[in-house]
Amino acid sequence: KVMEDRNVIVHATRVHHGPEVKDAYAYRFDIKSSGKSVAFSGDTVPDNQLVRLAKDVDLLVHEAQMNSNIPAVIKGFAPSVRGPLEKHLYNSHTNVRAIPRIAKEAGAKRVSMCHYVLAKPEAFLAVAKSAAAQIGYTGEILAPVELDQIVL
């Protein structure tokens, strides 16, 4: 627990965002008046500490990347940075196909993707729903765009 006041209890845990970022965190907010909860993954690869932090949340907000687009994206960069960039993308972000599994492991009622890496938000939804169907995650999956509001 990192903070509590009359409205909310906030918990945090470290998550992994590559070796270059030693202090990356995920946060959980439990709202006292409604009993609702939301967890934010931050930038991270799939992480067991995040799963524990997000246990039974009403909404998990998780960053997502389209790993299938990495080869095409890195071709647009100078050869000298392609290797390090590719390594960073694979080792520091979460593939969209893993989002439903993380939500299911956490028991999250809904999951919303954010910080879309390597594709537009609408491209993520079909991939995430397909992955969810394969593993039996039945919670709602959202791919909001800027200024969308998600009601808890």
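Residues of segment 72-118 that are open to solvent by less than 70 Å² (accessible area, probe 1.4 Å) and on the phi > 0 side of the Ramachandran plot: Gly107, Leu118.
Of the residues Ala128, Ala103, Ala98, Ala143, only one is within 13 Å of the chain's Cα centre (by Cα) and under 15 Å from Asp43 (Cβ atoms); which? None of the other options fit; the residue is Ala98. Against the numbered list (1) closer than 25 Å to Ile150 by Cβ; (2) among the small types (Gly, Ala, Ser); (3) over 13 Å from the mean Cα position of the chain (by Cα); (4) part of a helix (DSSP H, G or I), Ser33 comes up short only at (4). It is to be established whether one or more residues within segment 84-92 are under 16 Å from Leu50 (Cβ atoms) and in contact with a helix residue (DSSP H, G or I) (Cβ under 7 Å, 6 or more places away or on another chain). No - not one qualifying residue is present in segment 84-92. Apart from one condition, Ala126 fits all of (1) open to solvent by 50 Å² or more (accessible area, probe 1.4 Å); (2) closer than 22 Å to Asp23 by Cα; (3) out of contact with any Phe, Trp or Tyr (no Cβ under 7 Å at 6 or more places or on another chain); the exception is (2).
Please pick out the residue among Ala12, Ala39 that is touching a strand residue (DSSP E or B) at 6+ places or on another chain (Cβ under 9 Å) and either closer than 24 Å to Asp148 by Cβ or in contact (Cβ under 8 Å) with a residue 60 or more places away in the chain (or both). Before the answer, list the steps.
Working: Ala12 fails: either closer than 24 Å to Asp148 by Cβ or in contact (Cβ under 8 Å) with a residue 60 or more places away in the chain (or both).
Exactly one residue qualifies, and that residue is Ala39.
Scanning segment 17-26 for residues that are touching a residue at least 24 places away in the same chain (Cβ under 8 Å) and buried (at least 18 other Cβ atoms within 10 Å of the Cβ) yields His17, Ala26. Checked against (1) buried (at least 17 other Cβ atoms within 10 Å of the Cβ); (2) within 14 Å of the chain's Cα centre (by Cα); (3) not in a helix (DSSP H, G or I), Tyr137 passes all but condition (2). Among residues that are loosely packed, with under 14 Cβ neighbours inside 10 Å, of a type outside the set (Gly, Ala, Ser) and under 18 Å from the mean Cα position of the chain (by Cα), Asn67 is not included. Residue pairs whose Cβ atoms lie under 7 Å apart, sitting 6 or more positions apart in sequence or on different chains, and linking a residue in segment 63-86 that is among the charged types (D, E, K, R) to a partner that is open to solvent by 60 Å² or more (accessible area, probe 1.4 Å), are Glu63/His115. Taking the conditions (1) of a type outside the set (Lys, Arg); (2) open to solvent by 10 Å² or more (accessible area, probe 1.4 Å); (3) out of contact with any Ser or Thr (no Cβ under 7 Å at 6 or more places or on another chain); (4) modelled with pLDDT of 95 or more in turn, Leu53 satisfies each one other than (3). Does Asp43 satisfy being within 19 Å of the chain's Cα centre (by Cα) and under 20 Å from Leu89 (Cβ atoms)? Here the answer is yes, as Asp43 does meet what is asked. When Arg14 is tested against (1) closer than 21 Å to Lys109 by Cβ; (2) touching a helix residue (DSSP H, G or I) at 6+ places or on another chain (Cβ under 9 Å); (3) part of a strand (DSSP E or B), just one condition goes unmet, and that condition is (1).
The values are calculated or read from the model by the stated rules, or taken from the named source; none is laboratory data. Bear in mind that the values here come from a model prediction, so they are computed numbers and not experimental data. Because the Cβ atoms are built from the backbone with ideal geometry, glycine has one as well, and the counts that use them run over all protein chains shown. The area values use the complete protein model at the heavy-atom level, side chains included, leaving out ligands, DNA and RNA. Shrake-Rupley method; radii C 1.70, N 1.55, O 1.52, S 1.80 Å.
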